[in-house]
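**Q** For reference, the structure I am asking about is given below.
Read the figures in this text as sums done on the coordinates, not as results from a lab. Given the structure is predicted, the values throughout are model-derived calculations rather than measurements. Here Cβ is always computed from backbone atoms with ideal geometry, including for glycine, and neighbour counts include all displayed protein chains.
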Amino acid sequence: MPAIPTNPFQDQRPGTSGLRKKTREFQQPRYVENFVQSIFDVLEGDVREKTLVIGGDGRYYNRTAIQTIWRIAAGNGFGTILVARGCILSTPAMSAVIRKRSALGGLILSASHNPGGEDGDFGIKYNTHNGGPAPEAFTEKIYQRTLTIDRYLTVEHPDLDLDKEGAVTVGDSKIIIFDPLEDYTALMQSLFDFDALSEYLKTGFRMTFDAMHGSTGPYAHHIFERSLGAADSSIVMRGNPLEDFGGGHPDPNLVYAADFVAKLNTPDGPDFGAACDADGDRNMILGRNFFVSPGDSLAMIAEHVPDCVPGYRRGLMGVARSLPTSTAVDRVAAAAGIKCYETPTGWKYFGNLLDAGLCTLCGEESFGTGSSHMREKDGLWAALCWLSILAHTRKSVSDVAHDHWKKFGRSYFQRHDYEGLDSAAAAKMIEDLRAKLPSLRDQTLSGMLVAVADDYCYRDPVDQSDTENSGIRIVFTEGSRIVCRLSGTGTEGATLRLYLERYQKDLSDDDLGLALSPLSQVAHDLMEIKRRFGLDGPTLVT
Ligand code: VG1
Ligand code: CO
């Protein structure tokens with residue numbers, strides 16, 4: 001196998017979810033090669049008997065990178081290299097394929113919900129044998145290797161036709177172009193009652209699904225139209241994957257999916273709507289004139305799936321949420337007598353809990369929900385959970401939410417993002433706030449008594465590894481919380497994420513912004529956002 005000399009890049013440290021950069025950075029000669037070879041260099045054991053899966057979210061540069069990557073995988077001697085037909089494999093489908101086919105791992109080419117195109121973003125994420133994102137210790141090893149790499153291995157072979165299923169042998173490797181829909185659909189069929197859902201879709205109930213021109217379009221067409229036989233072929237919108245996502249920002253939230261939200265906010269709009277991000281792991285859940293906040297969605301799914309989804313009939317082992325995610329699910333767990341784990345941000349932290357059977361459901365405030373059926377968050381699965389809840393209870397989305405709040409109380413929650421900040425100034429702000437924390441304990445801020453003020457340190461209950469400084473939290477005695485941290489997925493400057501939560505036991509019709517404004521004010525004052533960055537408010541609220 002030809003070994004091609006190369007020189008290291010200094011900036012290939014993976015963040016919250018893989019290596020994410022501007023597409024143009026990935027287009028530099030040997031940039032993809034170096035990173036991929038570094039991953040292979042730190043894998044343990046012989047890969048000759050092993051399977052590697054390759055796919056992506058369909059964004060610009062996917063195909064070029066995949067042609068490069070299968071050659072490097074062959075150069076490294078993988079026994080079997082599975083490449084998704086059409087290069088489209090959603091993140092959850094990758095997890096399903098790795099697990100079903102006992103692959104050693106997989107490479108997902110995606111920058112998730114970040115815009116694509118030559119001026120947009122690109123990314124590479126490595127998932128391990130359990131189907132989940134490589135843990136921190138592993139990504140750190142990859143990074144260390146990128147700093148010293150001096151060659152990569154490849155094979156000389158013309159490009160493959162990636163749109164046609166089939167197999168070719170190159171050197172000692174078998175390269176198989178496979179159907180990306182099969183394993184994922186079978187997994188969904190094993191969890192959900194497709195007959196009941198199919199019946200429900202015939203009752204006049206109307207749903208709509210927005211794939212935002214990302215990777216979930218083919219899955220949604222396949223599942224809703226072919227498997228569930230939905231008569232209405234207009235269920236799936238923006239279902240054709242596009243390299244630039246149609247110029248949009250493939251992020252399912254009230255801001256970037258505003259036109260989709262508007263579709264549901266009409267008197268004769270659909271009863272239910274779900275949208276996914278480009279790589280299919282995020283989801284947004286909507287009812288007619290109703291938005292389900294992700295932390296609430298997790299709590300409501302936890303409340304209902306044991307009754308509504310056959311795959312969870314035996315109940316939940318436990319639940320888990322990331323630190324910034326609202327504590328709504330904690331209350332469902334308490335009522336069910338199961339444990340709720342609080343992890344740092346990023347799906348990789350759920351892997352150990354799921355592998356050890358400690359939890360069944362997990363979620364993040366960033367529109368991520370998932371379960372032990374795989375090791376990634378899963379947008380279409382969340383949509384099917386909600387469809388099952390609605391089919392089983394015959395309630396509207398809004399009624400499911402209101403009934404939940406009546407029973408458990410409500411966590412008002414918002415995330416405020418301050419994007420494009422100067423990196424050094426943002427780091428300084430975090431440092432200054434951290435220094436202030438000890439003096440905040442037992443203080444009263446805007447009438448609220450501080451119970452906890454620290455930078456969250458997580459000890460993994462399975463392998464006892466520590467993750468320090470994973471988010472500054474100020475928790476008040478009455479249950480409100482301020483959490484803040486810097487993003488680990490941005491590609492320009494720094495992004496500050498400020499998470500605000502206020503709990504109310506008795507249902508009131510408070511306006512969300514108003515309910516949270518005292519917390520937002522406290523945070524602004526403590527962090528001196530205006531003085532430091534000249535900003536009066538966030539650039540994005542979700
Ligand atoms: C963000 C979210 C985090 C999520 C991550 C990857 O990370 O906050 O919850 O796991 O994106 O999601 P950060 O470090 O920018 O806050 V995805 O859909 O991009 O794979
Ligand atoms: Co994503």
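**Q** With a cut-off of at most 11 other beta carbons within 10 Å, and DSSP calling the residue loop, which trypsin sites (Lys or Arg not before Pro) in segment 368-399 qualify? Please list them.
**A** Here the sparse-neighbourhood loop sites are Arg394.
**Q** Something else about it: Looking at the chain only, what percent of DSSP beta bridges run antiparallel? Nearest 5 please.
**A** 70
**Q** So, one more: Need the list of lysines near Lys202 for cross-linking: C-alpha distance under 20 angstrom, and skip anything on the same chain fewer than eight residues off.
**A** Lys395
**Q** I need Arg101, Arg59, Arg459 ordered by Cβ neighbour count within 10 Å, fewest first.
**A** Ordered by Cβ neighbours within 10 Å, fewest first: Arg459, Arg101, Arg59.
**Q** What are the ³J(HN,Hα) values, in whole Hz, obtained from phi via the Karplus relation 6.51 cos²θ - 1.76 cosθ + 1.60 with θ = phi - 60°, for each residue of segment 527-542 in sequence order, with x given for Gly and Pro?
**A** Result, rounded to whole Hz: 8, 6, 4, 5, 5, 6, 10, x, 9, 8, x, x, 7, 8, 10, 10.
**Q** If you don't mind, there's one more thing I want to ask. Answer rounded, prolate or oblate for segment 56-100, using the Cα gyration tensor with square roots of eigenvalues a ≥ b ≥ c: rounded when a/c is under 1.5, else prolate when a/b is larger than b/c, else oblate.
**A** Oblate, because a/c is 1.5 or more while a/b does not exceed b/c.
**Q** Extension gain Val452-Val255, at 0.36 nm per residue separation less the Cα-Cα distance, in nm?
**A** Working: separation 197, 0.36 × 197 = 70.92 nm, distance 3.23 nm.
Result for the pair: 67.7 nm of gain on full extension.
**Q** For Lys339, Lys428, Lys125, Lys164, what's the fewest-to-most ordering of other Cβ within 10 Å of each Cβ?
**A** Lys164, Lys428, Lys339, Lys125
**Q** Can you compute 3J(HN,Hα) from phi for each residue in segment 471-478, using the Karplus curve 6.51 cos²θ - 1.76 cosθ + 1.60 with θ = phi - 60°, rounded to whole Hz and x for Gly and Pro?
**A** Working through the residues one at a time gives x, 7, 10, 10, 10, 9, 4, 8 Hz.
**Q** Run the quick spin-label model on Val168 and Asn240: label points 7 Å from Cα toward the beta carbon, then report their separation in nm to one decimal.
**A** A separation of 2.7 nm, rounded to one decimal place.
**Q** Considering the zone a paramagnetic label at Gln10 would reach in this model (a point 7 Å from Cα along the Cα-to-Cβ line), which residues of segment 23-46 have amide N under 19 Å from it?
**A** 25-26, 28-32, 34-35
**Q** Something else: Between Asp506 and Val462, take the C-beta separation as r, use R0 = 41 Å, and let me know the FRET efficiency to the nearest 0.05.
**A** 0.60
**Q** Which of the aspartates and glutamates could a cross-linker bridge to Lys436, judged by Cα under 17 Å and excluding same-chain residues fewer than eight apart?
**A** Partners found: Asp454, Asp455, Asp525, Glu528.
**Q** Apply the a/c threshold of 1.5 to the C-alpha gyration tensor of the chain and tell me whether it is rounded, prolate or oblate.
**A** On the way: a/c = 1.74, a/b = 1.22, b/c = 1.42.
Here the chain falls in the oblate category.
**Q** Follow-up question, since we're still on this one. Just to check I understand the Karplus step: with θ = phi - 60° and J = 6.51 cos²θ - 1.76 cosθ + 1.60, what whole-Hz values come out for segment 245-256, glycine and proline as x?
**A** Those phi angles translate into 6, x, x, x, 10, x, 10, x, 9, 5, 8, 7 Hz.
**Q** List the lysines whose alpha-carbon lies under 23 Å from that of Lys339, not counting same-chain residues fewer than 8 positions away?
**A** Straight-distance partners of Lys339: Lys348, Lys377, Lys406, Lys407, Lys505.
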